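Quick notes on the structure that follows.
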Amino acid sequence: MMTRPVRYGAGEIFRWPIWLGALTAVGLISALFGNDGWDALSWFAMAIPLAVLIWKLSVRAR
């Protein structure tokens with residue numbers, strides 16, 4: 001018996017890219033306009049999308 005392919009809606013497809021893009025925007029804006037604590041926020045906000053990218057590439061390579 002053949003199974004039907006799963007269909008995903010736009011919300012399911014674009015949920016993570018939108019969150020990562022928003023997080024990147026927060027990191028860029030906090031780096032541009034803030035100092036001290038804002039710099040730490042920007043490093044944190046910019047590191048998370050990079051960590052997700054590295055994680056997904058390493059999982060896919062296996």
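The values are calculated or read from the model by the stated rules, or taken from the named source; none is laboratory data. No experiment lies behind these values; they were computed from the predicted model shown. Positions of Cβ are backbone-derived with ideal geometry, glycine not excepted, and every protein chain shown enters the neighbour counts. Side chains are part of the model used for accessible areas, which takes the heavy atoms of the whole protein and leaves out ligands, DNA and RNA. Shrake-Rupley method; radii C 1.70, N 1.55, O 1.52, S 1.80 Å.
Note down all Cβ pairs under 6 Å where the first residue falls in the range 14-25 and is on the phi < 0 side of the Ramachandran plot, the second is among the hydrophobic types (A, V, I, L, M, F, W, C) and surrounded by 12 or more Cβ atoms within 10 Å (Cβ to Cβ), and they're at least six residues apart or on different chains. Short answer, once both residue conditions are applied: LEU23/ALA45; LEU23/ILE48. Within the range 29-56, the set of residues being of a type in the set (A, V, I, L, M) and either in contact with a Lys or Arg (Cβ under 9 Å, 6 or more places away or on another chain) or surrounded by 11 or more Cβ atoms within 10 Å (Cβ to Cβ) (or both) comprises ILE29, ALA31, ALA40, LEU41, ALA45, MET46, ALA47, ILE48, LEU50, VAL52, LEU53.
Scanning the range 1-28 for residues that are β-branched (Val, Ile, Thr) and farther than 16 Å from LEU53 by Cβ, which turns out least open to solvent (accessible area, probe 1.4 Å)?
VAL26
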